[in-house]
Amino acid sequence: MRKKICEEVRDAKFCILVGKAKDASKKEQMVIVLRFVDIQGFLRERFFGIVHVSNTTLILKKEIYDVLARYNLHILNMRGQEYGGASNIHGAWNGL
């Protein structure tokens, strides 16, 4: 499915939406959604994956970069970022 999404995104500019939650076993999970305009000019949002993270304050940047690189989504094409539901993701001293 991710390969199909990557084909949809191709070399388009995209935004990432990142959310944080704990699963039933209390493990931290990071959710990544891609937002982009497809080849027909329609705005699309695609759920891209869930990544287990041991510490959202320290390793989110690395995990996001790793996921994008693994699927050849070039960070230079990223035009926006949104981090919802994760108070420690933003701020002057913590996270991203």
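Roughly what would the spin-label model give for Glu45 and Lys26, points 7 Å off Cα along C-beta, in nm?
Between Glu45 and Lys26, the simple spin-label model gives 3.1 nm.
Based on the Cβ-Cβ distance from His74 to His52, what FRET efficiency comes out when R0 is 30 Å, to the nearest 0.05? Let's see the in-between values first.
Working: r = 24 Å, r/R0 = 0.81.
Calculated value: 0.80.
Bear in mind these aren't lab numbers, they're just calculated from the coordinates by the rules spelled out. Computed from a predicted structure; not experimentally measured. Don't worry about glycine lacking a Cβ; one is built from the backbone with ideal geometry, like all the others, and counts go over all protein chains shown.
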